[in-house]
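One structure is given here, and the rest of the page talks about it.
The values are calculated or read from the model by the stated rules, or taken from the named source; none is laboratory data. Here the structure is a predicted model, which means the values were calculated and not measured. Neighbour counts are summed over all protein chains in view; Cβ atoms, including those assigned to glycine, are modelled from backbone coordinates with ideal geometry.
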């Protein structure tokens, strides 16, 4: 778990540090008319939901297994990309991600690592407090392990709540409402507006 936490913190710092020059460029160009081409770092939840806005966001997550998965897996990491399309009141989302959990040694039995690839779509809407949002994803999870047979490939609904302040989008989600494999995840992302 310590290695996973350190890796996530290093990755979040790297994302935020790489986003800082883009944020400074956005502030410097705010006095002049907006440029027409190229992605721009978003600031806050409003620009994501703006009508016609299209964003792309790399994200990472720290996953905490629960239920049966917690008996055979340690904390895991997620790496993914999310796209949004603003409709004014809410934003539609599509995402793809890869999650990995390291195997656990339990009662003398060593469990294998477990991985899953997710393809999902959903929506998120702002909550009337600065930067807060809630939403959900419906997705298909393709699992890879020689030992996990009760989960396998499965459909699940994943509720999400989060806060988007400045360039940082931090969320909490739970995978396990319908599927057999359960985990909580803390995610961090930055969104780049394409349109």
Picking from 56, 12, the residue that is under 24 Å from residue 159 (Cα atoms), under 20 Å from the mean Cα position of the chain (by Cα) and modelled with pLDDT under 85 would be 12
Name the single residue, out of those in region 125-140 being closer than 15 Å to residue 165 by Cβ and surrounded by 13 or more Cβ atoms within 10 Å (Cβ to Cβ), that is farthest from the chain's Cα centre (by Cα). 127
Between a first residue in region 74-90 that is free of Cβ contacts under 8 Å to residues at least 60 places away in the same chain and a second residue that is in a loop (DSSP other than H, G, I, E, B), which pairs have beta carbons less than 7 Å apart while being 6 or more apart in sequence or on different chains? 86/50; 86/51; 86/52; 86/53; 87/51; 88/51
Please state which of the following conditions residue 110 fails to meet, knowing it meets all the rest: (1) more than 15 Å from residue 135 (Cβ to Cβ); (2) surrounded by 19 or more Cβ atoms within 10 Å (Cβ to Cβ). (2)
Looking at (1) surrounded by fewer than 15 Cβ atoms within 10 Å (Cβ to Cβ); (2) in a loop (DSSP other than H, G, I, E, B); (3) at pLDDT 50 or above, can you tell me which one residue 32 breaks? (3)
Among the residues of region 43-73, write down those that are in contact with a helix residue (DSSP H, G or I) (Cβ under 9 Å, 6 or more places away or on another chain) and either in a strand (DSSP E or B) or without any contact (Cβ under 8 Å) to a residue 12 or more places away in the chain (or both). 55, 57, 58, 59, 60, 61, 62, 63, 64, 65
In region 177-193, what residues are surrounded by fewer than 19 Cβ atoms within 10 Å (Cβ to Cβ) and modelled with pLDDT of 90 or more? 177, 178, 182, 184, 186, 192
